[in-house]
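The values are calculated or read from the model by the stated rules, or taken from the named source; none is laboratory data. Keep in mind it's a predicted model, so treat the numbers as computed, not measured. Every residue, glycine as well, gets a Cβ built from its backbone with ideal geometry; the counts of neighbours run over all protein chains shown. The accessibility values were calculated without ligands, DNA or RNA, using every heavy atom of the protein model including side chains. Shrake-Rupley method; radii C 1.70, N 1.55, O 1.52, S 1.80 Å.
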Amino acid sequence: MAEYTSYYGRPVVKAPPWEHDIPAYIFAGGLAAGSSLLAAGADLTGRPALRRAGRLTSLGALGFSMAALVHDLGRPERFLNMLRTVKLTSPMSVGTWLLSAYGMPAGAAAAAEAAQMLGWRRGPFRLLGALGRPAGVVAGVLAPPVAAYTAVLLADTAVPTWHESYRELPFVFCGSAAAASGGLAMALIPTAQAGPARRLALGGATAELVAEHRMESTLGMLAEPLRTGTGGKLMTAARYLTLGGAALSLLAGRSRVAAVASGAALVAGSVCTRFGVFHAGMDSAKDPKYTVVPQRERVERGETVRYTGD
């Protein structure tokens, strides 16, 4: 096979200067979104344990996600500076506003839950308690785009494997978020109230596995980083963990041990998916062939080739 090189041995495209904070941020944001969706449904159907677990998990995951993002940015004010403008053509700008809009009702719902747990129901806490349900519903409505926008953010870059997976990657991330949030809720609450969590986990795991298989099938040679190196190892681990967690979820309604094991496997699988996609993309940016070969194939088909280099 031909060896592809570039001037001075530098990559053809410049990968984003992101560290491991970004896949951690993506995972935690998805976990927060899925947990808010579960909590909203639990509140409307009278499942207090599931509502409580979902609201508090969403707040904790959102806090971790924001901390990871701010750490990657270097200074907190850089996040605030992104709120000075609105650019609808920029996934980063839209995502910043979306995350901010989601964070307020998610935080209010979690605060109402905490006040109720502590027995604070008088004065301003009474008003806070009344805001819990509408805030939780708003957070649940915003949850799906919060889980999906990070996939759009990755696909909007020039990184070959990310860029060409723009059709399937949002479904991979949303399915992974549903599997993780449903799995964690299964592990935290009594089995009697965990029915919606089990169904969300199983549905999310199925959607993730189908979308990931479809993504690898359509990427052609750009799927190689998803099968080799660090990215490949992580994606293989993600598939086994997700499959195992989904299988155990079928027993989780009768066994507390199965519920905890299923939840742990699904959460771990979701983490591996995010880090696997991250590493695969970075590897595809480092090797010139993943940029040059697809461009030549598009030229041969008579398609317009846009320069995506640095």
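Tallying residues that are surrounded by 14 or more Cβ atoms within 10 Å (Cβ to Cβ) and either in contact with a strand residue (DSSP E or B) (Cβ under 8 Å, 6 or more places away or on another chain) or of a type outside the set (D, E, K, R) (or both) within the stretch 205-239 yields 22. Residue 145 satisfies every condition listed in (1) touching a Pro at 6+ places or on another chain (Cβ under 9 Å); (2) open to solvent by 10 Å² or more (accessible area, probe 1.4 Å); (3) assigned to a helix (DSSP H, G or I) except (1).
Quick check on this structure: which one of 102, 166 is modelled with pLDDT of 90 or more and open to solvent by 80 Å² or more (accessible area, probe 1.4 Å)? Let's see the steps before the verdict.
Values: 102 fails: open to solvent by 80 Å² or more (accessible area, probe 1.4 Å).
Exactly one of 102, 166 is modelled with pLDDT of 90 or more and open to solvent by 80 Å² or more (accessible area, probe 1.4 Å), namely 166.
Kindly check whether there is at least one residue in the stretch 149-161 that is among the charged types (D, E, K, R) and open to solvent by 20 Å² or more (accessible area, probe 1.4 Å). Quick ask: steps written out before the conclusion?
Of all residues in the stretch 149-161, those among the charged types (D, E, K, R) come to 156.
With the extra rule that they be open to solvent by 20 Å² or more (accessible area, probe 1.4 Å), the set shrinks to 156.
The answer is yes; a qualifying residue exists.
Which of the residues that make up the stretch 204-243 are touching a Gly at 6+ places or on another chain (Cβ under 9 Å), among the hydroxyl-bearing types (Ser, Thr, Tyr) and more than 19 Å from residue 171 (Cβ to Cβ)? 230, 236, 240 - these are the residues of the stretch 204-243 that are touching a Gly at 6+ places or on another chain (Cβ under 9 Å), among the hydroxyl-bearing types (Ser, Thr, Tyr) and more than 19 Å from residue 171 (Cβ to Cβ).
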